[in-house]
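Asker: Got a structure here, written out as C-alpha cells. Questions coming.
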Amino acid sequence: MKTHDQEFHFSKLAVCFFLIASLPGVAELNAADSSSSPRRLKRSESFLGIHFDFHAGADCTEVGKNTTPEMVAAILDKVKPDYIQVDCKGHPGLSSYPTKVGNPAPGFVGDPLQVWRKVTAGRGVALYMHYSGVWDSEAIRKHPEWGVINADGKTNANATSVFGPYVDRLLVPQLHELAGDYRVDGVWVDGECWATVPDYGDASVKAFTAATGFAEVPRRKSDPHWFEWMEFQREGFRKYLRHYLAELKRTDPDFEIASNWGFSDHMPEPVSAPVAFLSGDFSPENSVNSARFSARCLANQGKPWDLMAWSFANAKNETRHFKSAVQLQREAALVLAQGGGFQAYFSQRRDGSVDLARMDVMAEVAKFCRERQALCQRAVIAPQIALLYSRASHYRQNAQLFTPNSPSVRSLRGVLQGLVESQHCVQIVSEHHLRGHMADWPLLVLPECDYLDADFRDELVAYVKRGGRLLVIGPKAAAQFVKELDVIPGDTEAAKASVRLAQGTNTAEFATLWQGVKPGRKVRSFGTCRLTDEPNAPAQPAATIARLGRGTIAAAWLNLGEHCADGKTPAARDFLDALTCELFPKPMVEVSGSHDVDVSVARNHGKLQIHLVNTSGPHASQPFVDEIAPVGPLQVTLRAGSRPKRITIEPGAHEVEFKQTRGETRFTVAELPIHSVVVVE
C-alpha cells in the first residue's frame with residue numbers, strides 16, 4: 001500500500017516525465033554532440049574552467065526554470081572557459097536533472113542538463129558534472145542497508161559503504177546515464193575519499209577478519225590492530241574507485257573521471273586508479289596557504305591536475321562575502337606557478353540558474369590566467385628542496401581515513417610556510433616520489449614525523465653518504481637518526497617545555513617539544529636552547545650538523561612547524577631559514593627584499609622560469625582582500641650555468657638588465673604586483 005507521501009512523490013515524477021517528453025529528444029541532443037560540433041579539449045589539454053553546484057534539496061521544486069540557452073551562452077561569452085562543471089547530484093543525494101535511474105529533485109521545468117550540454121557542445125566547451133559519490137544521504141534514507149555502520153552500531157546518515165551495493169545499484173548506472181544519454185564529457189566526483197569512513201557493517205567486518213585472521217575489529221584508535229583496520233578501509237575505497245572506473249571505461253572509454261582530492265594532500269600515495277585527472281577545492285578561507293600546500297602536493301603526481309578556488313568565503317559572523325577579482329587572481333597564481341590548471345567555484349541558485357553578474361569577476365580572473373597560459377601550462381618544477389610528506393607517518397597518526405589533519409601534516413604545513421616565507425624553492429614529495437630518485441634533490445627536509453619505514457630510512461642514510469644533504473626537524477623525527485647524527489640524547493626524553501631559542505642576534509621564547517643532546521666530537525652545534533625557567537642552565541644545541549660519508553645530516557632538536565605557521569613566531573621561521581641556508585648555501589635561485597613572495601623555479605618551452613607570487617596579507621585571519629599592494633624591489637641571484645642571452649619579466653616582455661659575476665647572474669625586479677614570471681633564455 002502506497003502512503004500519501006509516496007503518491008504525492010509519484011505524481012510529481014509523472015509531471016516531471018511529461019515535461020521531459022515535451023523536450024527535444026536524445027537524438028537531437030546527440031546531434032548537437034556530433035562530429036560537426038567544434039572539438040572539445042580533453043581535461044589533459046585544459047587550463048581554465050568554472051565550477052557550479054547547488055546541492056539540490058527538497059526545496060528545489062522548479063529546477064531549470066531559469067536555465068536558458070542564453071544564460072549558458074552568456075557565461076561562455078564572458079569567461080571563455082575550456083570546460084564547465086555543473087551540478088547534477090550533491091551531497092543530499094537529489095539529482096538536479098530529471099534522472100531516470102537516480103533520485104531526482106522534487107520538481108523540474110524542462111531538462112536543464114540538456115540545455116547545458118547543447119550549448120557547450122555547440123561552442124566546443126567540455127561539460128563535466130559535479131556528482132557526489134560516497135556521500136549520498138537520499139540513497140541511505142531509501143536504502144539504509146547501503147549506508148556505513150558506525151562503530152556504535154548505528155547507520156551513518158551520509159556515507160555510503162564502499163563494500164556495499166550502492167556503487168552498482170546507483171552510482172554506476174547514473175554515470176552510464178550521464179555518459180550515454182547526455183553525452184557529457186566526464187564527472188568531478190565530490191564527497192569521495194574525504195567522506196569515506198570506517199565501516200563496521202557485516203560485509204566489511206567479514207572481509208577484514210578473513211583477510212587478516214584477526215578475530216576482533218578495533219573500535220577506537222587505542223585498540224589493537226587499529227592501523228591494520230584503517231589500512232584495510234583505505235584499500236576498500238581504492239577498490240571501490242577502481243571498480244567504477246573500470247565499469248565506465250568498458251562502456252564509455254572517453255568519459256573522464258576525477259575523484260575529488262584523490263591522490264592529493266588527502267591521499268599522499270601513488271596514483272593507483274586510472275583517473276583521468278586529479279583535482280580538489282582548496283579552503284575558502286586562508287586560501288593562500290591552502291593553495292600553495294595543495295598545489296605542491298599535486299605537482300609531482302604525474303597526472304593532469306587542477307585546483308578550484310571558492311569565489312566566496314564566510315566571515316566570522318558566518319555572513320557570506322564574495323571575493324574580489326584580485327584575490328582570486330592571486331589564488332590562481334599560486335596554482336599556475338606550480339604548473340596546474342585553475343577553476344573557480346560559483347554557487348547556483350536553488351533553481352539551478354547562475355547569477356550572471358558574478359561572471360564579471362570570473363572574466364577578469366580568466367583574462368589574468370590566459371595571459372599566463374603559454375608560460376605556465378605544463379611547466380615542470382625544477383628540483384631544489386624536497387619536503388617529505390610521509391605517508392607512513394601520516395596514516396599511522398591520522399584518526400580519519402583520508403584527511404590531511406594528522407599532527408605530522410600540521411607540522412609539515414608550518415615548515416612549508418616557514419621555508420616559502422624565506423623564499424626557498426620547495427616541493428612536497430612522499431616516499432613514492434623519493435624512492436630511487438633522492439639524488440635529484442640537493443636538499444631533503446624531513447619535518448616532524450615520528451615513523452619511517454625501515455627501508456626508506458636506510459635509503460635516506462645512503463643518500464647522505466653518497467653526498468646528499470638531509471635536514472631532520474623535531475626530536476621525534478631526529479630520534480630515528482641518532483647514530484648518524486652522532487649525538488647522545490639528554491637524560492630526559494623529549495618533552496614540551498618553554499625554551500629560549502637563540503641564533504645570532506635573534507632570540508625568542510616559546511613552548512615546544514624539545515630534546516637536549518650532547519654532540520659528538522666532530523659534530524657542529526647550530527644555535528642554542530635554554531629552558532627559560534632555568535636561566536643559568538648551560539646552553540643546549542638548538543640544532544646539530546654532522547658529516548656522514550660524503551654528505552651532511554642535520555637535526556633541529558625542537559619542533560618548529562607549529563611556530564612557523566601563520567607567522568606565529570618569526571624567530572622560528574628565521575632559525576629554520578638560517579639552518580637551511582647553512583646546509584644549502586647556493587641554491588639555483590635566491591630572492592631577497594620581502595618575506596611576502598612565494599618563489600618557484602620551473603622549466604617550460606626550453607627556458608628557465610622563476611615564478612614570483614605576491615603573498616602579502618594576513619591570510620589566516622582575513623579571508624577578504626580588495627586590493628594587493630605591490631612588493632619590491634626584489635634582488636634576485638640566479639646560478640644556472642652560462643650567461644643568459646636575455647631575461648624578461650612576463651606577462652609583458654619587460655627586458656631586465658643583469659650582471660654576471662663568477663657564474664652568478666644578478667638582477668632586480670622593481671615591483672611585483674600579483675604574479676610575475678622571470679623568463680631566462
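Asker: Quick one: how many residues across the range 421-442 are under 26 Å from Val591 (Cβ atoms) and in contact with a Pro (Cβ under 8 Å, 6 or more places away or on another chain)?
Answerer: Looking only at that region, the number is 6.
Asker: Continuing with the same structure: Can you tell me which residues in the range 195-236 are over 11 Å from Leu401 (Cα atoms), in a loop (DSSP other than H, G, I, E, B) and hydrophobic (A, V, I, L, M, F, W, C)?
Answerer: Correct list: Phe214, Ala215, Val217.
Asker: May I ask you to verify whether Val172 is buried (at least 24 other Cβ atoms within 10 Å of the Cβ) and either closer than 23 Å to Ser96 by Cα or touching a Lys or Arg at 6+ places or on another chain (Cβ under 9 Å) (or both)?
Answerer: no
Asker: Please identify the pairs in which a residue from the range 524-543 that is in the same structural domain as Leu579 (by TED's automatic domain parsing) has its Cβ atom under 6 Å from the Cβ atom of a residue that is part of a strand (DSSP E or B) and surrounded by fewer than 14 Cβ atoms within 10 Å (Cβ to Cβ), counting only partners at least 6 apart or on another chain.
Answerer: Pairs that qualify, where the first residue is in the same structural domain as Leu579 (by TED's automatic domain parsing) and the partner is part of a strand (DSSP E or B) and surrounded by fewer than 14 Cβ atoms within 10 Å (Cβ to Cβ), are Thr532/Ser498; Thr532/Glu509.
Asker: Pick from the range 466-506 the residues that are among the charged types (D, E, K, R) and loosely packed, with under 15 Cβ neighbours inside 10 Å: which of them is nearest to Leu548 (Cα to Cα)?
Answerer: Applying the filter and picking the extreme gives Arg466.
Residue-by-condition table, conditions (1) under 21 Å from Gly262 (Cβ atoms); (2) of a type in the set (S, T, N, Q); (3) modelled with pLDDT of 95 or more; (4) out of contact with any Ser or Thr (no Cβ under 8 Å at 6 or more places or on another chain):
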{"position": "Ala179", "(1), (2), (3), (4)": "yes, no, yes, no"}
{"position": "Trp188", "(1), (2), (3), (4)": "yes, no, yes, no"}
{"position": "Asp199", "(1), (2), (3), (4)": "yes, no, yes, no"}
{"position": "Thr209", "(1), (2), (3), (4)": "no, yes, yes, yes"}
{"position": "Glu235", "(1), (2), (3), (4)": "yes, no, yes, yes"}
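Asker: So His611 clears everything in (1) at pLDDT 95 or above; (2) surrounded by fewer than 16 Cβ atoms within 10 Å (Cβ to Cβ); (3) touching a helix residue (DSSP H, G or I) at 6+ places or on another chain (Cβ under 9 Å) except one condition, right? Which one?
Answerer: Tallying (1) at pLDDT 95 or above; (2) surrounded by fewer than 16 Cβ atoms within 10 Å (Cβ to Cβ); (3) touching a helix residue (DSSP H, G or I) at 6+ places or on another chain (Cβ under 9 Å), His611 fails exactly one: (2).
Asker: From the list Arg242, Arg234, which one is touching a Leu at 6+ places or on another chain (Cβ under 9 Å), within 20 Å of Trp146 (Cα to Cα) and either touching a residue at least 12 places away in the same chain (Cβ under 8 Å) or of a type in the set (Lys, Arg) (or both)?
Answerer: Arg234
Asker: Could you list all residues from the range 178-194 that are part of a helix (DSSP H, G or I), hydrophobic (A, V, I, L, M, F, W, C) and within 19 Å of Pro104 (Cβ to Cβ)?
Answerer: Residues satisfying the conditions are Leu178, Ala179.
Asker: Further, regarding this structure: Tell me whether the range 100-121 contains one or more residues that are on the phi > 0 side of the Ramachandran plot and either surrounded by fewer than 23 Cβ atoms within 10 Å (Cβ to Cβ) or among the polar types (S, T, N, Q) (or both).
Answerer: Yes, the range 100-121 contains at least one residue that is on the phi > 0 side of the Ramachandran plot and either surrounded by fewer than 23 Cβ atoms within 10 Å (Cβ to Cβ) or among the polar types (S, T, N, Q) (or both).
Asker: State all residues of the range 472-490 that are in contact with a Gly (Cβ under 6 Å, 6 or more places away or on another chain) and at pLDDT below 95; if no residue qualifies, say none.
Answerer: Gly490
Asker: Which of the numbered conditions does Glu590 fail, given that it passes all the others? Conditions: (1) in contact with a helix residue (DSSP H, G or I) (Cβ under 8 Å, 6 or more places away or on another chain); (2) assigned to a strand (DSSP E or B).
Answerer: Of the numbered conditions (1) in contact with a helix residue (DSSP H, G or I) (Cβ under 8 Å, 6 or more places away or on another chain); (2) assigned to a strand (DSSP E or B), the odd one out for Glu590 is (1).
Asker: Can you spot a residue in the range 375-389 that is assigned to a helix (DSSP H, G or I) and in contact with an Asp or Glu (Cβ under 9 Å, 6 or more places away or on another chain)?
Answerer: The answer is yes; a qualifying residue exists.
Asker: Among the residues of the range 237-253, are any of a type outside the set (Ser, Thr, Tyr) and part of a loop (DSSP other than H, G, I, E, B)?
Answerer: For the range 237-253, residues of a type outside the set (Ser, Thr, Tyr) and part of a loop (DSSP other than H, G, I, E, B): present.
Asker: Output the residue which, of all residues in the range 256-294 that are of a type outside the set (Ser, Thr, Tyr) and within 8 Å of the chain's Cα centre (by Cα), is nearest to Leu171 (Cα to Cα).
Answerer: Trp261
Asker: On to the next question. Could you list, in sequence order, the residues of the range 523-546 that are modelled with pLDDT of 95 or more and either in contact with a His (Cβ under 8 Å, 6 or more places away or on another chain) or among the basic types (Lys, Arg) (or both)?
Answerer: Arg524
Asker: Looking at the range 428-455, which of the residues that are closer than 18 Å to Asn289 by Cβ and in contact with a Leu (Cβ under 7 Å, 6 or more places away or on another chain) is modelled with the lowest pLDDT?
Answerer: Pro447
Asker: Then there is this: From the set of residues in the range 597-608 that are among the charged types (D, E, K, R) and within 23 Å of the chain's Cα centre (by Cα), which is surrounded by the fewest Cβ atoms within 10 Å (Cβ to Cβ)?
Answerer: That would be Arg603.
Asker: Does the range 303-318 include one or more residues that are farther than 21 Å from Gln622 by Cα, of a type outside the set (Ser, Thr, Tyr) and surrounded by fewer than 19 Cβ atoms within 10 Å (Cβ to Cβ)?
Answerer: yes
Asker: Pick out the one residue from Val271, Val275 that is surrounded by 16 or more Cβ atoms within 10 Å (Cβ to Cβ), in contact (Cβ under 8 Å) with a residue 24 or more places away in the chain, of a type in the set (Val, Ile, Thr) and within 29 Å of Ile50 (Cβ to Cβ).
Answerer: It is Val275.
Asker: Has the range 248-264 got at least one residue that is closer than 30 Å to Phe624 by Cα and touching a Pro at 6+ places or on another chain (Cβ under 8 Å)?
Answerer: yes
Asker: Collect the residues in the range 560-582 that are under 15 Å from Ser498 (Cβ atoms) and in a helix (DSSP H, G or I), keeping them in residue-number order.
Answerer: If the condition is that a residue be under 15 Å from Ser498 (Cβ atoms) and in a helix (DSSP H, G or I), then Glu562, His563, Ala571, Ala572 are the ones that fit.
Asker: Okay, next question. Do you know which residues across the range 611-637 are under 17 Å from Ala670 (Cα atoms) and within 22 Å of the chain's Cα centre (by Cα)?
Answerer: Those that are under 17 Å from Ala670 (Cα atoms) and within 22 Å of the chain's Cα centre (by Cα): His611, Leu612, Val613, Asn614, Thr615, Ser616.
Asker: Considering only residues that are over 18 Å from Gln427 (Cα atoms) and either of a type in the set (Gly, Ala, Ser) or touching a strand residue (DSSP E or B) at 6+ places or on another chain (Cβ under 7 Å) (or both), which ones fall in the range 437-462?
Answerer: Answer for the range 437-462, where residues must be over 18 Å from Gln427 (Cα atoms) and either of a type in the set (Gly, Ala, Ser) or touching a strand residue (DSSP E or B) at 6+ places or on another chain (Cβ under 7 Å) (or both): Ala454, Ala462.
Asker: Also, I was wondering about something else. Mind telling me which of the residues Phe658, Phe667, Phe584, Phe624 ends up being within 27 Å of Glu448 (Cβ to Cβ) and aromatic (Phe, Trp, Tyr)?
Answerer: Phe584
Asker: What's the total number of residues in the range 628-658 that are among the acidic types (Asp, Glu) and either assigned to a strand (DSSP E or B) or closer than 26 Å to Arg413 by Cα (or both)?
Answerer: Total satisfying the criteria: 2.
Asker: Before we move on, is Ser430 buried (at least 18 other Cβ atoms within 10 Å of the Cβ) and touching a Phe, Trp or Tyr at 6+ places or on another chain (Cβ under 6 Å)?
Answerer: Answer is yes for this residue.
Asker: If the requirement is being in a strand (DSSP E or B) and within 22 Å of Trp441 (Cβ to Cβ), which of these qualifies: Ala508, Ala555, Ala502?
Answerer: Ala555
The values are calculated or read from the model by the stated rules, or taken from the named source; none is laboratory data. Quantities reported herein were computed from a predicted structural model and do not represent experimental measurements. Cβ coordinates were reconstructed from backbone atoms using ideal geometry, including for glycine residues, and neighbour counts include every protein chain displayed.
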